[in-house]
Amino acid sequence: MASTTQIPGYVVGTWDIDASHSTVGFSVRHMMVSKVRGYFREFSGEIVTAEDPSQSAVHATIDMDSIDTRQEQRDAHIKSADFFDVGNHTVMEFRSTGVRNKGEDWVVEGDLTIKGITKPVTLALELNGFGPDAYGGTRAGFSGKTSISRKEFGVDIDMPMDGGGVVVGDKIEVELEIEGVLRTA
């Protein structure tokens with residue numbers, strides 16, 4: 001394990017995402033007047049922080065059946081063929097293709113796969129810090145945001161409203177709060 005001076009407290013290594021201390025959330029416009037928020041309860045992944053931070057990488061998978069919008073009937077509909085078709089597409093996957101500095105923050109470019117369709121996405125990334133945990137290990141924290149079009153990933157159901165507009169918007173705001181645990185040899 002080596003450190004670099006470019007980022008205060010930066011630790012080089014391989015990190016496992018700690019799902020119990022992380023959140024993969026989203027919001028989408030509903031009925032043209034509000035936003036519905038939800039999250040995925042089950043996901044996993046690996047983050048590699050390289051000596052040169054721009055060589056770092058991330059790979060994560062999300063269990064599509066673990067979607068939770070706090071309403072069972074809506075969740076069942078989202079899992080159906082109308083939306084995610086979870087019976088045929090059980091996993092959403094993100095694999096980074098590049099990392100670059102943007103001022104004090106970072107940008108992670110990557111490929112996102114939903115319903116078997118892979119598209120490039122850009123995550124705005126904030127490094128929240130690196131430090132020891134209460135168990136003798138080391139933790140790292142990251143916050144990320146991006147916007148995607150659900151229609152670009154084959155989630156193209158249109159439910160028009162009387163008088164114009166749609167029940168569910170196309171633009172999905174994705175918000176990540178990720179805590180990683182450094183692997184030890």
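The values are calculated or read from the model by the stated rules, or taken from the named source; none is laboratory data. Remember, it's a predicted structure, so these values are computed and weren't measured experimentally. Glycine also receives a Cβ, built like all others from the backbone with ideal geometry; neighbour counts cover every protein chain displayed. When the accessible area is computed, the model is the full protein with side chains, heavy atoms only, and any ligands, DNA or RNA have been set aside. Shrake-Rupley method; radii C 1.70, N 1.55, O 1.52, S 1.80 Å.
Descriptive notes on the structure:
- Residue match in the stretch 107-120 (condition: of a type in the set (Gly, Ala, Ser), under 20 Å from Tyr10 (Cβ atoms) and touching a residue at least 12 places away in the same chain (Cβ under 8 Å)): no
- Top-ranked residue of the stretch 120-158 - restricted to ones that are more than 14 Å from the chain's Cα centre (by Cα) and among the aromatic types (Phe, Trp, Tyr), ranked as modelled with the highest pLDDT: Phe130
- Sole exception among (1) open to solvent by less than 20 Å² (accessible area, probe 1.4 Å); (2) within 29 Å of Leu127 (Cβ to Cβ); (3) at pLDDT below 95; (4) among the hydrophobic types (A, V, I, L, M, F, W, C) for Phe40, by number: (3)
- Output for the stretch 43-74, where each listed residue is closer than 24 Å to Val86 by Cα, of a type in the set (Ser, Thr, Tyr) and modelled with pLDDT under 95: Thr69
- Ala124 vs. criteria of a type in the set (A, V, I, L, M, F, W, C) and either in contact with a helix residue (DSSP H, G or I) (Cβ under 7 Å, 6 or more places away or on another chain) or open to solvent by 50 Å² or more (accessible area, probe 1.4 Å) (or both): yes
- Residues located in the stretch 94-110, provided they are within 18 Å of Glu152 (Cα to Cα) and open to solvent by less than 60 Å² (accessible area, probe 1.4 Å): Phe94, Glu109, Gly110
- Considering (1) of a type outside the set (Asp, Glu); (2) modelled with pLDDT of 85 or more; (3) open to solvent by 70 Å² or more (accessible area, probe 1.4 Å); (4) not in a strand (DSSP E or B), the lone condition that Gly163 does not fulfil carries the number (2).
- Among the residues of the stretch 81-93, just one is in a strand (DSSP E or B) and open to solvent by 70 Å² or more (accessible area, probe 1.4 Å), namely Val91.
- Of the residues making up the stretch 62-69, at least one is farther than 14 Å from Leu176 by Cβ, open to solvent by 30 Å² or more (accessible area, probe 1.4 Å) and out of contact with any strand residue (DSSP E or B) (no Cβ under 7 Å at 6 or more places or on another chain).
- Count - residues of the stretch 49-61 that are surrounded by 15 or more Cβ atoms within 10 Å (Cβ to Cβ) and either aromatic (Phe, Trp, Tyr) or not in a loop (DSSP other than H, G, I, E, B) (or both): 7
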